[in-house]
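These notes are about the structure you will find just below.
Each value in this text was obtained by applying a stated rule to the coordinates, not by laboratory testing. Given the structure is predicted, the values throughout are model-derived calculations rather than measurements. Ideal geometry is used to build each Cβ from the backbone, glycine not excepted, and the neighbour counts take in all protein chains shown.
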Amino acid sequence: MKLPIHLFLLTAVLILLGSCLASGELNRGVWFWGTTTTPDGPSPYGSTVVVGDSAKEDETIAFFNTHGVKRVYGSYQNRPVSDTAAIAAWNEKLEYNFIESQLLFGFVNIDEPTQVATLLSNIQSRFIDYNNGFYDLPQYRFDALHLDIEPQGTDAWDDGDGTVRRAMLEDLKDLYADIRALLVTEGMGTVPIYADIPYTWDKLPVDGGSIAWADAADRDAWFAGIGDSLNGISIMTFSKDTVPELTVATEYERTGSFPGYARIGIQPKGWPGQQWESIWEVNSILNDLEDIHAPNHATDLENYGFWRYSIEESKLDPVIVDVDIVIFEDAPGIPFGEIWTGPAIYVGGEAGKIYTVKQASDLNGQWKEMAQLKVRQGQDSETFRVPITLSDSRAFYKVEVVAESAQR
């Protein structure tokens, strides 16, 4: 039996609390750069602003928990060395909330020996030495290393032909191996290493690819080879804006010779003039990707600043109405599609309306926005799935609806 939302939520949510399974939650990753520039200027959600401010840290972690973030790729510049206590306290909060802390290094010029030496030195001081300082206090340590090394951003790549680019990828594979060897030498051989790569690198020349792979075997050997050093990759697909395009663009990385995790990375830019016009379009893409590909191949979001900006730019002035919804926890062992999804709210949506899902710990408290959704173009209706984290003693949910035309 379906009940109006305000009645249904008061009865059903409390029943779910006793049987919620953490394993059913979403498993998203997010890049957390020191600074991010939005159309309105520097984002207030960079790590340089958030980390070290206890209130901002707590608000950020609450956002992560609400939105299913389980991996944070954090860039903190030299702060693991110069501000060790703040980084340790941040890592402890992530650990307490079962969120993995991966230290992020951004780097471009792999063929400049001085820059490579600086990168290795920074990994030594900011990751290895930092973690060794907390050898008996794992809650303060980083859980993994995350490499954003992008040779495609150099002049040498732009000016070079396919043969030059193939050689640069060989240098990149060697650098991954050198970083793995450094960890092994320091007694950290089991520490995971992850890296970011573009979706275009797997394309063969005969198919229009810009890298001079000798043949498919050459390409396959390279991807298998980086798997000797890396536990997983995030596939940067920032020019793709539909689920079919994202699925096709990442198919080789997910199913080919690379042996580790291959996650689909998108930029959650949901505001006018971007590939998605609003956060609810981003949410629709995320929901579909996760229904099809999670947990091993979806999803990573680049980055936290863009994500928050999209939400803020998609604010509504809604009228609260009754909505028929269903909320339940999937029975253990019963998949949704091909994955275990856990507790979620399912909202039946109609075309021409915008739905905002909110959560509060009590009916007189502050309602926090979880998601903004609308039916995809060309469809009359759609069932939205909004994952929920039932970590408090009780929780209340509501859906606000406004006609889409009222926002134009």
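With a simple spin-label model that places each label point 7 Å from the Cα along the Cα-to-Cβ direction, the separation between Asp83 and Ile292 comes to 4.0 nm.
Between Val164 and Asp220, the contour length at 0.36 nm per residue exceeds the Cα-Cα span by 18.3 nm.
Measuring against 32 Å, Cα to Cα, the residue pairs Lys70/Lys240; Lys93/Lys173; Lys240/Lys353; Lys240/Lys358; Lys203/Lys353 contain Lys93/Lys173; Lys203/Lys353 as the ones spanning a longer distance.
Sorting the segments 90-101, 39-50 by their mean number of nearby beta carbons within 10 angstrom, highest to lowest, gives 90-101, 39-50. Per-peptide packing, taken as the mean over residues of other Cβ atoms within 10 Å, places 191-200, 74-83 in the sequence 191-200, 74-83 from highest down. For the range 130-137, backbone phi angles converted through the Karplus equation (6.51, -1.76, 1.60; θ = phi - 60°) give residue-by-residue couplings of 4, 4, 4, x, 10, 4, 10, 10 Hz, Gly and Pro being listed as x.
Ranking of Arg263, Arg376 by neighbouring Cβ atoms within 10 Å, starting from the fewest: Arg376, Arg263. Taking amide H atoms as placed 1.01 Å from N in the peptide plane, the amide H of Ala262 lies under 5 Å from those of Ile233, each 5 or more residues away in sequence or on another chain.
When peptides 267-280, 212-225 are sorted by average Cβ neighbour count within 10 Å, with the highest value leading, the order is 267-280, 212-225.
Only Cα pairs under 8 Å and 6+ residues apart enter the sum, and on that basis the relative contact order of the range 133-196 stands at 50 percent.
Potential lengthening of the chain between Arg376 and Gln124 amounts to 86.0 nm, from the contour at 0.36 nm per residue minus the alpha-carbon distance.
Listing His67, His146 from the residue with the fewest other Cβ atoms within 10 Å to the one with the most, what is the order?
In order of increasing Cβ crowding within 10 Å: His67, His146.
Projecting the Cα positions of Phe107, Val69, Ala177 onto the charge dipole of the range 33-313 (unit charges on Cβ atoms of Lys, Arg, Asp and Glu, taken about the Cα centre) puts Val69 furthest along the positive direction. Here the Karplus curve 6.51 cos²θ - 1.76 cosθ + 1.60, taken at θ = phi - 60°, turns the phi angles of the range 192-209 into couplings of x, 10, 10, 8, 9, 9, x, 6, 7, 5, 7, 6, 6, x, 5, 9, x, x Hz, with x standing for Gly and Pro.
Shape analysis of the range 184-309 places it in the oblate category; the axes a ≥ b ≥ c from the Cα gyration tensor give an a/c of at least 1.5, with a/b not above b/c. If you take the square roots of the eigenvalues of the alpha-carbon gyration tensor of the range 33-313 and sort them as a ≥ b ≥ c, do you get rounded (a/c under 1.5), prolate (a/b over b/c) or oblate? Note, shape of the range 33-313 comes out oblate.
Extension gain for Ser210-Asn97 works out to 36.4 nm (0.36 nm per residue, less the C-alpha to C-alpha distance). Legend: translational diffusion of the range 140-257 by Stokes-Einstein, Rh = Kirkwood radius over C-alpha pairs, 4 °C, 1.567 mPa s; D = 85 µm²/s. Computed from backbone phi, the HN-Hα couplings of the range 68-83 come to x, 7, 10, 9, 10, 9, x, 9, 10, 6, 8, 5, x, 9, 8, 9 Hz, rounded to whole numbers (Karplus: 6.51 cos²θ - 1.76 cosθ + 1.60, θ = phi - 60°; Gly and Pro given as x).
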